[in-house]
Amino acid sequence: MRFALAAIKHETNTFSPIATPLASFAIGRPDGVPMSGLEAVNTLRGTNTPLSAFIYLAEEAGAEIALAVAAEAAPSGPVSDEAFNKMAEDVCKVVRKGCDALFLDLHGAMVTESYDDGEGELLSRVRNIAPNLPVAVALDFHTNMSPAIAQNATVIAGYLTYPHVDTYECGMRCGRTLVQALQGRVNPKIVWDKRPMLTHTLCQLTSVEPLKGIMDTAIAAEKGGNVLNASVFGGFPLADIPYVGFSTVIVADGNTSAAEQLSNDLLDMAWDRRADFVFEVEPLSESISRAKTLEGGPIVLVDHEDNVFSGGTQDVMDTVAEALAQGLFDMAVGPIWDPVSVGHMIKAGVGKEVTLLLGGKTDMPAIGLKGNPLEVRGTVRRITDGRYTVTCPMETGMVLNHGSSAVLDTGGVEILVCSERMEAFDLGVFRHAGIEPTAKRYLLIKSRHHFRAGFEPIAAHIVYLAGSGVTSSNYSLFRFNKIPRPIYPFDPGMQL
């Protein structure tokens, strides 16, 4: 047998000013082209990713592996047509050469310059080449499910956790179902539906309500054998496209009646709890003041309105400025995205004093926000290459790269500045730069929930900070033109 494998992953924030060319999918690679072939197989084997699970299943089956592309970019604005067409053609070339099955590790919320539904367009192109090819698709929990995705896949499974710590398991769940279908043991049929809910990401934590009971019900149905696969998708709300919403995908074995009932039950549960999926924002000054009263440490301060893994610029300085103004000390901050400041620190050298206009290099026209740098003075404490291996439960084994980086020590605060955008979710983000996070009273990072994978075990307290940026939970800041209406919470009195 010949199994075709591929990963093309991007969560697109249509309000983000950050461009997404092909090089964004190949950070650290001199040629600016994503990995493929044997290099990708050897790099990703054994990592906590769906593609790693697909590699395992192919090797278990004794199948030849044709790995078309392994590409992932940090969330940002729409993917360039050039990048999308190149990666899609990489997949299509492998399919044209012939294969017995295709295993895709996708995100589910990719928007391109020309397509509101990148994954659906990719799958449609594959189907035009091979109408009957068995296709397994692993999707992120934040998928914005579309008809084109559901209709052109044979099997679909999504992450069941947020933070996403079950990505390898997701690949195994959908991959094994497809392998069983190839063996003639099951007859997968996809049932899917959604509810018109633009849920807040900060209310999508899968370990607590309102989502826990919904997700537990789906997990129990799959483990109990009532269906082949059961997935719940909270959706990615910061995308002005027709496909946003809260959805489910159930894979039945032939008869779809049980899958249809489960889908309706899960979606009704979500709709009944729709008010609980709205996050109430606390003013920034109040959050910082409250953090100062807490005992012990580390106290993790989470700037959720400039989160790179939701498409944030990672250079908005509001939360840092307020923390400094209120006198927080014994604090590590970062990483802040500012290649210019990194260059200044590298040029000055370790041990030298510098004054920086830090961050604030990026305007955000979609929300009318201008970049506003923060002047800081300190000593260049360390310079790094920005590389480290993930040890926390999310993306375990992956080598992350936030580019040439440097630490500025202001006396009571150490600020990590990077040249490539990367969220802080693994403790290695600080440790690789000589900062021990467990030794700090405060850790100010930019995240939503992914930080919990690495930082929650060491946190004495967690305080969310509402600064500003294109990942705000204040939906009134954004001009939505394409989303379906009516939709909750924009239309609170709507009826199904």
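Pull up the DSSP beta bridges for segment 2-277 and report the antiparallel fraction as a percent, rounded to 5.
35 percent
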* **Within the chain, longest stretch clear of exposed GluC sites (Glu not before Pro) (DSSP loop, no more than 16 other Cβ within 10 Å)** => 296-496
* Per-pair calculated FRET efficiency, R0 = 60 Å: ALA130 and ASN372 via Cβ, rounded to 0.05 -> 0.70
* Asked: VAL333's amide H: which non-local residues (gap 5+, or another chain) put their own amide H closer than 5 Å, with H modeled 1.01 Å from N in plane and none for Pro or chain starts?
  -> GLU414, ILE415, LEU416, LEU444
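Can you give the helix-only mean residue ellipticity at 222 nm for the chain, where every DSSP H stretch with n ≥ 4 adds -39500 (n - 2.57) and the sum goes over all residues, rounded to the nearest 500 deg cm²/dmol?
Estimated from H runs of four or more residues: -8000 deg cm²/dmol.
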* Taking amide H positions as placed in the peptide plane 1.01 Å from N, state which residues far from ALA7 in sequence (5 or more) or on other chains have amide H under 5 Å from it. => VAL69, ALA70, ALA71, ASP105
* Under the Karplus relation 6.51 cos²θ - 1.76 cosθ + 1.60, θ = phi - 60°, what is the ordered set of whole-Hz ³J(HN,Hα) values for segment 410-427, x standing for Gly and Pro? -> 8, x, x, 9, 10, 10, 8, 10, 10, 10, 10, 6, 7, 6, 8, 10, 10, 4
* Structure fact -> Note: GLU436 to GLN180 extended length (0.36 nm per residue) minus current alpha-carbon separation gives 87.5 nm
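Is segment 2-277 rounded, prolate or oblate when judged by the Cα gyration tensor, a ≥ b ≥ c being the square roots of its eigenvalues, rounded requiring a/c under 1.5 and prolate requiring a/b larger than b/c?
Cα axes put segment 2-277 in the oblate bin.
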* To do: Write down the percent of antiparallel bridges among all DSSP beta bridges whose residues are both part of the chain, to the nearest 5.
  => 45 percent
* Asked: Straight-line reach from LYS347: which lysines have Cα under 29 Å away, leaving out those fewer than 8 places along the same chain?
  -> LYS361, LYS370, LYS440, LYS446
* Asked: What distance in nm separates the simple spin-label points at THR217 and TYR56, each placed 7 Å from Cα in the Cβ direction?
  -> 3.0 nm
* Structure fact -> Here segment 311-399 gives, from Cα atoms, an Rg and Dmax in Å of 15.1, 40
* Provide the per-residue ³J(HN,Hα) series for segment 235-247, in order, calculated from phi with Karplus coefficients 6.51, -1.76, 1.60 and θ = phi - 60°, each as a whole number of Hz, with x at glycine and proline positions. => x, 9, x, 8, 9, 8, 9, x, 9, 5, x, 9, 9
* To do: For the chain, build the convex hull from the C-alpha positions and give me its volume per residue in Å³.
  => 133 Å³
* **Footprinting exposure proxy for HIS142, HIS461, HIS432 (fewest neighbouring C-beta atoms within 10 Å first)** => HIS461, HIS432, HIS142
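At 0.36 nm per residue, minus the direct Cα-Cα distance, what do GLU169 and VAL350 gain on full extension? Give it in nm, one decimal, please. Walk me through the numbers before you get to the answer.
Details: separation 181, 0.36 × 181 = 65.16 nm, distance 4.33 nm.
Full extension of this stretch gives 60.8 nm more.
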* Acute angle (nearest 10 degrees) that the helix 212-223 long axis makes with the longest principal axis of the chain, alpha-carbon atoms -> 40 degrees
* Structure fact -> Excluding residues fewer than 8 positions from LYS194 in its own chain, the lysines with Cα under 23 Å of it are LYS9, LYS212, LYS223, LYS482
* To do: Enumerate the calculated ³J(HN,Hα) couplings along segment 339-346 in order (Karplus 6.51 cos²θ - 1.76 cosθ + 1.60, θ = phi - 60°), each rounded to whole Hz, writing x wherever the residue is Gly or Pro.
  => x, 5, 5, 4, x, 5, 5, 5
* Structure fact -> Counting only DSSP loop positions in segment 449-496, the chymotrypsin sites (Phe, Trp or Tyr not before Pro) whose Cβ has at most 16 other Cβ atoms within 10 Å are PHE490
* Please tell me the relative contact order of segment 294-452 in percent, rounded to the nearest whole number, where contacts are Cα pairs under 8 Å and at least six residues apart. => 34 percent
* Under the classification rounded if a/c is under 1.5, otherwise prolate if a/b is larger than b/c and oblate if not, where does segment 284-472 fall, given a ≥ b ≥ c as square roots of the Cα gyration tensor eigenvalues? -> rounded
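Throughout, read-outs are computed from the coordinates displayed, never taken from laboratory work. Since the structure is predicted, the reported quantities are computational estimates derived from the model, not experimental observations. Backbone-built Cβ (ideal geometry, glycine too); neighbour counts: all protein chains shown.
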